[in-house]
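Colleague: Take a look at the following structure, please.
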Amino acid sequence: MTKTSFIAKQHQQNRSSLIPSVENKSGKDLINLGIGDIDLNTHPLVIADAFNDAKNGFTHYTNPMGDIELRKEIIKYHKEEFKNYEFDIDQVFVVSGGFHGIYLLFKTILEPKDEVMVIKPFFSAYLNQIELNGGVPVLIDTYSESNYDISIEELEKKISPKTKAILINSPSNPLGKIYSEENMREIAIFAEKYDLLIIADDIYDFYSFKIDFTPIYTIEKIKERTVSICSFSKNFAMTGWRVGYCIGPAEIIKTMSTLNENITYCTSSISQRGALSALRNIKKIKESTIPIFESRIKFMCEELRKIPKLKFYQPDGGIYIFIDVTETGLNGKEFSEQLLEKYGVAGLNGEVFGDKNSIRIACTIEETSLKEACIRINDFIESLSL
């Protein structure tokens, strides 16, 4: 018997949906535009408050649903920040990051072969998380000609008796698309028509630059069929703290928490205290963080427009730019591999996001390095026609 034989057959061929290791053979300094971990450290106020709370005894289990003070602060934040975003304390559940929350939600709602509608391009982990919980992802195309809006006609083509939910990510990873309030209302009507759950991945909600972000949870009469996934990771530069939360119908949220009692029981108490501090210092943190990424996105788009054979959607928000490289004669895999190997610039092959002809770049480094990355990308494209 081999060691592999001890692994369940369903997991022996599991594929990684996350970022591959970067091996730079170019001889140039690596410029890493692949990873989506922003380069800013957690705000000193958050670190100090969490440290003091640890010294003062917040080192024990919390309520399995989450620290009571934190959950109350989450309710306050949503009520003050958005119109019609109100919920009770039994409707919010603190989790160990957005990944954890979405996985638990799929574990809670999916029967074998249930289908989940996923909008293309999509965050790379969605497909694995659905499949690991016995579900089937159903991909919904969007098109540049219609500004990548979600088409009800496309949804109607893919609906079936097995459809259980539709997953919406806004601002989206990798595209940076923010769906309009009008488009959200269309989705809400569609979900009600077919009795679907709406899963709203809202982890980039701070990063709205061109248009205002409207959480679908705030649409009238849709709360009872919506679960929102939120996170402190990108908004507050707290990726390593692993803390987020889910908002939804009390019955679903309670079931998720009960499942989690057999997995992690509760989220790290110190991370939760850090999250509490982050919300209490939200104004200072947003003022010191969000303008940096808005400036980087704008700068990078201006630089990329100077480079021939590249097409991209001007992001409404988020921290990424998704670039169509079709005109270079290479697909996304070829382009990203050669760009890294020859010029030391790491981007992500768009195939993992559902588009084999694109690459994703993350604007998670300072503008001087972004400028150098664009110079190298331009040199690479010019070399293709030599």
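The values are calculated or read from the model by the stated rules, or taken from the named source; none is laboratory data. Just so we're clear, the structure is a prediction, and the values are computed from it rather than from any experiment. Positions of Cβ are generated from backbone atoms using ideal geometry, with glycine treated the same way; all protein chains shown enter the neighbour counts.
Colleague: Can we say Asp379 is in a loop (DSSP other than H, G, I, E, B) and not assigned by TED's automatic domain parsing to the domain that holds Ser144? Full working, then the answer.
Modeller: Details: in a loop (DSSP other than H, G, I, E, B): no; not assigned by TED's automatic domain parsing to the domain that holds Ser144: yes.
No.
Colleague: Scan the stretch 54-70 and tell me whether some residue there is in contact (Cβ under 8 Å) with a residue 24 or more places away in the chain, within 23 Å of Leu167 (Cβ to Cβ) and hydrophobic (A, V, I, L, M, F, W, C).
Modeller: No, the stretch 54-70 contains no residue that is in contact (Cβ under 8 Å) with a residue 24 or more places away in the chain, within 23 Å of Leu167 (Cβ to Cβ) and hydrophobic (A, V, I, L, M, F, W, C).
Colleague: Can you name the condition, by its number, that Pro161 falls short on among (1) buried (at least 20 other Cβ atoms within 10 Å of the Cβ); (2) in a loop (DSSP other than H, G, I, E, B)?
Modeller: With (1) buried (at least 20 other Cβ atoms within 10 Å of the Cβ); (2) in a loop (DSSP other than H, G, I, E, B) applied to Pro161, the lone miss is (1).
Colleague: Give all pairs with beta carbons closer than 7 Å in which a residue from the stretch 319-346 that is hydroxyl-bearing (Ser, Thr, Tyr) meets a residue that is part of a helix (DSSP H, G or I); count only pairs at least 6 apart in sequence or on separate chains.
Modeller: Listed pairs, sorted by first residue: Thr328/Phe335; Thr328/Ile381; Thr328/Leu384; Tyr343/Arg376; Tyr343/Asp379; Tyr343/Phe380.
Colleague: What's the total number of residues in the stretch 52-86 that are of a type in the set (A, V, I, L, M, F, W, C) and either farther than 19 Å from Ala200 by Cα or surrounded by fewer than 16 Cβ atoms within 10 Å (Cβ to Cβ) (or both)?
Modeller: Summing the residues that are of a type in the set (A, V, I, L, M, F, W, C) and either farther than 19 Å from Ala200 by Cα or surrounded by fewer than 16 Cβ atoms within 10 Å (Cβ to Cβ) (or both) in the stretch 52-86 gives 5.
Colleague: Something else about it: Is it fair to say Ile321 is crowded, with 20+ Cβ neighbours inside 10 Å and modelled with pLDDT of 95 or more? So that I can check it myself, show each step before the final result.
Modeller: Numbers: crowded, with 20+ Cβ neighbours inside 10 Å: yes; modelled with pLDDT of 95 or more: yes.
Criteria met by Ile321.
Colleague: Looking for whichever is in the same structural domain as Ser170 (by TED's automatic domain parsing) and surrounded by fewer than 20 Cβ atoms within 10 Å (Cβ to Cβ) here; the options are Ile216, Ile199, Ile211, Ile229. Which one fits?
Modeller: Details: Ile216 fails: surrounded by fewer than 20 Cβ atoms within 10 Å (Cβ to Cβ); Ile199 fails: surrounded by fewer than 20 Cβ atoms within 10 Å (Cβ to Cβ); Ile229 fails: surrounded by fewer than 20 Cβ atoms within 10 Å (Cβ to Cβ).
Going through Ile216, Ile199, Ile211, Ile229 in turn, just one is in the same structural domain as Ser170 (by TED's automatic domain parsing) and surrounded by fewer than 20 Cβ atoms within 10 Å (Cβ to Cβ): Ile211.
Colleague: Out of the residues in the stretch 360-386 that are out of contact with any Lys or Arg (no Cβ under 9 Å at 6 or more places or on another chain) and buried (at least 21 other Cβ atoms within 10 Å of the Cβ), state the one that is nearest to Tyr143 (Cα to Cα).
Modeller: Arg360
Colleague: Among the helices (runs of 4 or more DSSP H) contained in the stretch 37-126, which hold 3 or more residues that are of a type in the set (Phe, Trp, Tyr)?
Modeller: Working: elements: 44-55, 68-81, 98-109.
Result: 98-109.
Colleague: From Glu351, Glu341, grab the single residue that is in a helix (DSSP H, G or I), within 22 Å of Tyr126 (Cα to Cα) and acidic (Asp, Glu). So that I can check it myself, show each step before the final result.
Modeller: Details: Glu341 fails: within 22 Å of Tyr126 (Cα to Cα).
Result: Glu351 is the single residue among Glu351, Glu341 that is in a helix (DSSP H, G or I), within 22 Å of Tyr126 (Cα to Cα) and acidic (Asp, Glu).
Colleague: Of all residues in the stretch 238-268, how many are assigned to a loop (DSSP other than H, G, I, E, B), among the hydroxyl-bearing types (Ser, Thr, Tyr) and crowded, with 24+ Cβ neighbours inside 10 Å? Outline the logic, then answer.
Modeller: Quick first cut of the stretch 238-268, residues assigned to a loop (DSSP other than H, G, I, E, B) only: 238, 242-243, 248-249, 261-268.
Among the residues that remain, those that are also among the hydroxyl-bearing types (Ser, Thr, Tyr) are: 264-265, 267-268.
Filter again for crowded, with 24+ Cβ neighbours inside 10 Å, leaving 267.
So the count comes out to 1.
Colleague: Give me a count of the residues in the stretch 34-44 that are in contact with a helix residue (DSSP H, G or I) (Cβ under 6 Å, 6 or more places away or on another chain) and modelled with pLDDT of 95 or more.
Modeller: Counting residues in the stretch 34-44 that are in contact with a helix residue (DSSP H, G or I) (Cβ under 6 Å, 6 or more places away or on another chain) and modelled with pLDDT of 95 or more gives 1.
Colleague: Going by the structure shown, is Glu86 farther than 17 Å from Ile253 by Cβ, free of Cβ contacts under 8 Å to residues at least 24 places away in the same chain and either not hydroxyl-bearing (Ser, Thr, Tyr) or not assigned by TED's automatic domain parsing to the domain that holds Glu351 (or both)?
Modeller: On the way: farther than 17 Å from Ile253 by Cβ: no; free of Cβ contacts under 8 Å to residues at least 24 places away in the same chain: yes; either not hydroxyl-bearing (Ser, Thr, Tyr) or not assigned by TED's automatic domain parsing to the domain that holds Glu351 (or both): yes.
Judged against the criteria, Glu86 is not a match.
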